[in-house]
Amino acid sequence: MTTFTDRDILRRLAARQAEIASLPIHQQTVAGWKRLNDRKPGKPMVHIYQVCWHEMDVDGELTLQCQDPFHRAAEGQLRRTIYQWDHFRGDMVVTAEFGSPPVVRDTGFGLEVEEEIVRTDLRGGVVSHRFHPQIKTVADAEKLRPPQVIYDREATERNHARLHALFGDLLAIRPYGVNLEAYSQGYAPWDWLVRWWGVQEALTDLVERPQLAHLAMERLTQGVLARLDQYEALGLLNPSQGVVTGNGGLGYTDDLPGAPFDSVRQTTPDSAQGASVDLGENQVSAALWPVSDRATISPPQERQPSSIRLGQETGLSAGLGEGGIHTTDIWGGAMSQIFSGVSPRMHEEFALQYEA
C-alpha cells in the first residue's frame, strides 16, 4: 500500500534524477561512449561500477527511508544514481527514465550448487566458497539440461503500473527485457561449471579428461542457447543502448539497430537478438591460455562449437578474459563483432593483436 511518506520520498528523489538528466553534458558523454564503442580514437572513458555500496553510506545519503519493500527497492536505485553523480560520476550518463524489469525466472540447468561459504563482512555480498563437486563422470555431466523460462506477465505489468503511479510524470517508466550483458544471463561457462565441479577438480579434468570437459561445456552452452531462444520467443530481449556492457562501459553505439523496447507489446521489433550485446567471459581458465582454449572451447573440427554459435546470435559480443585472450585465431571472425575489456596484466602484443 502506498503511503504519503513513501510517495513523497520517491518523488523527491525522482525529481532530482530528472534534474540531473536535463544537463546538456550527457549528450557529450553519450557521444564519447559511441566513439569508444565504435572503435574510433579519442580520450578513454571512465565508468565506475561494482561499487561496495554497503561501505559508502557515511553521511546518510544512501539510508533508505521508505517502508514498503517495493518502494525501498526503487528508492535504493534512485539514491545510488544520485549519490554516484554527486561523488564519483566519471563519464556517467543519467537519463530521465526509470527501468521496469520483467518478472522472469528459470528452472536452472539441472544441478544445484552445493557449497560452504565464509563471510568476512556480514553487510557485503562477497563471500568465500568451498564447492562440493557434483560433476565427476559422464553421467553427471549429462544431468545438465536446458532451463525452462517462466515469465510472469501480470506481475511485470503490475510493477510497471505501480512505478508509473508513483513518479511516472517525473521519469519515464521504461520497460526493458532480459539483459544479456548481465553476468547471470550472459555466457560465463567456466564460472558456472566450477560451482558444480569444484575449481581444482575442473582444472585438473581439463587436462586429464578433456572429453568430459567438452561434454559439460557443450551441454551447458546448448542450455544457454535454448534459454536465449525462449527469451526471444517471449519478447524479453533488450536492445543494448546505454546499459553496462562487459567490463563496465556503457553500451551506446551506432553498431546496433538500437530499436526501443516496446512498452505495449513487451517485446522488441524484428531481430531482437541482433540488436543485443552478449557477455562472454572465461576468467577461471585464464591462466591456462592458450592451451585451454584449443583443448576445451574448440570441439572437433567437423562441428562448430556452441560457444561460437552463441556469439553469432547477437549483434555484438563483449569478451572478458581477465588477462587471457591470447588465441584470438580460434574465433577467426566467427563472431559478428567483439569488443573486449583488456586487463592491465595482458601482454601488449596480445592486446594489439586482439584489437586488430
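Each reported figure results from applying straightforward, stated rules to the coordinates on display, with no laboratory input. Predicted model only: the values in this text are computed from it and were never measured. Neighbour counts are summed over all protein chains in view; Cβ atoms, including those assigned to glycine, are modelled from backbone coordinates with ideal geometry.
A few points about this structure:
- For Val178, nonlocal amide neighbours, meaning residues 5 or more places apart or on other chains whose placed amide H falls under 5 Å from its own, are Leu237, Asn238.
- Pairwise label distance in nanometres, Phe88 with Ala172, each label 7 Å out on the Cα-Cβ vector: 3.0
- A full extension of the chain between Arg80 and Glu115 corresponds to an added length of 9.4 nm, given 0.36 nm per residue minus the alpha carbon distance.
- Long-range HN-HN contacts of Tyr187 with modeled amide H, under 5 Å: Leu279, Gly280, Glu281
- Ordering Leu36, Ile9, Gly76 by the projection of their Cα atoms onto the charge dipole of the range 4-95, which places +1 on the Cβ of Lys and Arg and -1 on the Cβ of Asp and Glu, puts Leu36 at the extreme positive end.
- Sequence-separation-based contact order of the range 68-198, relative, with Cα cut under 8 Å and 6+ spacing, percent: 35
- Long-range amide H partners of Val103 with built H, under 5 Å: Asp152, Thr156
- Under the Karplus curve 6.51 cos²θ - 1.76 cosθ + 1.60, θ = phi - 60°, whole-Hz ³J(HN,Hα) for the range 140-149, x wherever Gly or Pro sits: 5, 4, 6, 6, 5, 9, x, x, 9, 8
- Relative contact order [Cα under 8 Å, 6+ residues apart], the range 1-117, whole percent: 40
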